[in-house]
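Down below is the structure, laid out as structure tokens.
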Amino acid sequence: MVATSTVGAPAVGRGRRLPVLSPGAVGMTALLLTVSIWAAFALSARALGASTLLPADAALLRFGVPPALLAVALWRRRRALAAVRPGPAVKIVCGAGVPFFLAAMYGGSLTSASFVGAIVPGMVPLFVSALVVARGGRLPRGAQAAGLALIALGVVALVWRYAVPFDSDVMVGSGTLLVASGLWALYTVGLREVDLDPVGSIGLLCVPSFAVVAALVALGVLPSGLGRATAGDVVLFLVVQGLGVGLCAGLLYAFAIRRLGAERSSVVGSLSPVAVVLLAVPLLDERPTAAVLVGVPLITAGVVLANHRPRPTRTDRDPEVSPDA
């Protein structure tokens, strides 16, 4: 999908022009960087159980760092933030805020990094498609429908061996990760419904989320061990969750959705399971199980098929029936 354009590019040498990435290629680059950060998120979700931090501590770092760094920019966008309609705001705050974060972290503590990396982003295309259809969009068809079916089959392959005999921890963890995936689909769709730039989107997500986590910790509803955590763990989660997931991925993903659309962004983002499985071996000493070796390739194959788009017809370009409408 990487394409170049020389329109408007500065001349170099004798009439030669520097290649300029097309808007779609720029969006795809941003999305691939986001996928790399998501892989780090999946690894950190599993690593949290072995650290001196508690889930609430990781959430405070995740949602507290971006507003602190973007405070001046967010203040300048205060009117735009106040003008956001309640419906899209709820989708964003719930979809990627405290409910999503705690669900992903809890599910990861009961399963593995491979499960987090496969189930959470892997099922998002299905949930997004369901939301689009519920809003009157067209049902997936052809290669896209086959790809979504393969993604679902891959997730079933991941959890099947834990259903018979029944492993309560893994099954509960997998179910919680499915909830997290559904919430992220809400976030993906919600971003398309607000007239905010990426910085404003981060503020809309992080400011209320941090306030909720801080209030729950202050009231004793969520336990915190931040004062007793080691400096190494704090720095690690500050970099991965606060700077990486909270700031960089938030900016890049919001930008990618505006360039590529919600469905295509969610589908390409599903390629992160492969990165998670490969990185979990050296970093977390996880050995891929037979279920992972079967399920992840199925999800990947589904991603490839679901990302296939036939040449749009005039009807497909009609904004009233477009899947991204």
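Points to keep in mind about this one:
- Pair list, Cβ < 6 Å and 6+ apart or interchain, from the stretch 151-169 residues that are in a helix (DSSP H, G or I) to residues that are of a type in the set (Ser, Thr, Tyr): 159/174
- Complete set of residues in the stretch 170-229 that are under 21 Å from the mean Cα position of the chain (by Cα), of a type in the set (D, E, K, R) and in a helix (DSSP H, G or I): 192
- When the stretch 120-161 is filtered for residues that are within 18 Å of residue 272 (Cβ to Cβ) and β-branched (Val, Ile, Thr), the ones remaining, listed by number, are 120, 124, 128, 151, 155.
- Residue 215, sole failed condition from (1) surrounded by 16 or more Cβ atoms within 10 Å (Cβ to Cβ); (2) under 18 Å from residue 100 (Cα atoms): (1)
- Scan of the stretch 202-219 for residues that are within 16 Å of residue 61 (Cβ to Cβ) and in contact (Cβ under 8 Å) with a residue 40 or more places away in the chain, ordered by number: 202, 205, 206, 207, 209, 210, 212, 213, 214, 216, 217
- Evaluation of residue 230 against (1) in contact with an Asp or Glu (Cβ under 9 Å, 6 or more places away or on another chain); (2) modelled with pLDDT of 90 or more (one fails), failing number: (1)
- Among the residues of the stretch 55-80, those identified as out of contact with any helix residue (DSSP H, G or I) (no Cβ under 6 Å at 6 or more places or on another chain) and more than 30 Å from residue 223 (Cβ to Cβ) are 72, 75, 76, 78, 79.
- Residue selected from the stretch 251-309 under the condition of a type in the set (D, E, K, R) and modelled with pLDDT under 75, by the criterion farthest from residue 184 (Cα to Cα): 309
The values are calculated or read from the model by the stated rules, or taken from the named source; none is laboratory data. Note that the coordinates shown come from a computational prediction; the quantities given were computed from them, not determined experimentally. Here Cβ is always computed from backbone atoms with ideal geometry, including for glycine, and neighbour counts include all displayed protein chains.
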